[in-house]
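Below: one structure, written as structure tokens.
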Amino acid sequence: MDARAIGAEFFGTFWLVLGGCGSAVLAAAFPEVGIGLVGVSLAFGLTVLTMAYAIGHISGCHLNPAVSIGLWASGRFEGAKLGPYIIAQVMGAIGGAFVLYIIASGQPGFDLDAGFAANGYASHSPGGYSLMSGMVIEFVMTFMFLIIILGATDSRAPAGFAPIAIGLGLTLIHLVSIPVTNTSVNPARSTGQAIFVGGWAISQLWMFWLMPIAGAIAASVVYKLLGSGDTR
């Protein structure tokens, strides 16, 4: 196992959580000049775009257990690497959440009960959406994310533009789904925040593993039909 790839996945996911969740916790609602949902959506997309150019040549820049599993199911990733990649991604997410917690807790009145950008459904959905709504959107959005990833990284796609398509795809996903679940499509990202929030976030975490992974596997099956002939 290439330790450099594992390290890249750790730091990439660290940046994803610190940049994406950090924008939600620290900057989204800042009085008068807050970045809002559009800014948070852009922040998540930009973390993936920047890290794809920074570490894509080292690890592939998965930053997400669902992505790793989807690539494995599509035949583009070795099964032996799944465990180490997923562990590195989860640990990177926890590390990013830890640094964010240190920063955020320095503000008077900081309260983890406010959510800390954790993912949730029902009473913990930003818009009060049900479990079924959350399951559907997490499945569909991860499915489309993997379709974008598989298509943009196809050997027949224009070279060098995949990070842009993937980053903008993640931005769009957040623009649609933040009100429903706070947008996961990434079990590692969900786990990092849930560990610090505890309680309800831990009890709902199962859905943010199950549905993104299911969506990623479904996308791998569909893309094999759509994109048959990829040489990679």
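Every read-out reported here was derived from the displayed coordinates using simple, explicitly stated rules and does not represent laboratory data. Please read all numbers here as calculations on a predicted model, not as lab measurements. Counting neighbours? That spans all protein chains shown, and the Cβs are built from the backbone with ideal geometry, glycine included.
Right, residue 14: in a helix (DSSP H, G or I), within 17 Å of residue 142 (Cβ to Cβ), in contact (Cβ under 8 Å) with a residue 40 or more places away in the chain and in contact with a Gly (Cβ under 8 Å, 6 or more places away or on another chain) or not? Spelling it out, it is not the case that residue 14 is in a helix (DSSP H, G or I), within 17 Å of residue 142 (Cβ to Cβ), in contact (Cβ under 8 Å) with a residue 40 or more places away in the chain and in contact with a Gly (Cβ under 8 Å, 6 or more places away or on another chain).
All of (1) buried (at least 18 other Cβ atoms within 10 Å of the Cβ); (2) hydroxyl-bearing (Ser, Thr, Tyr); (3) under 29 Å from residue 27 (Cβ atoms) hold for residue 123 with one exception: (1). Looking at the range 17-38 only, could you name the residues that are free of Cβ contacts under 8 Å to residues at least 60 places away in the same chain, among the aliphatic types (A, V, I, L, M) and touching a Leu at 6+ places or on another chain (Cβ under 9 Å)? Within the range 17-38, 28, 35 meet the criteria. Evaluated against (1) in a loop (DSSP other than H, G, I, E, B); (2) surrounded by fewer than 18 Cβ atoms within 10 Å (Cβ to Cβ), residue 61 falls short on exactly one condition, (2). The set of residues in the range 67-122 that are free of Cβ contacts under 8 Å to residues at least 40 places away in the same chain, assigned to a helix (DSSP H, G or I) and hydroxyl-bearing (Ser, Thr, Tyr) contains only 68. For residue 37, the criteria (1) surrounded by 18 or more Cβ atoms within 10 Å (Cβ to Cβ); (2) within 18 Å of residue 177 (Cα to Cα); (3) among the hydrophobic types (A, V, I, L, M, F, W, C) hold in every case but one, which is (1). Residues in the range 155-167 that are surrounded by fewer than 17 Cβ atoms within 10 Å (Cβ to Cβ) and in a helix (DSSP H, G or I): 164 only.
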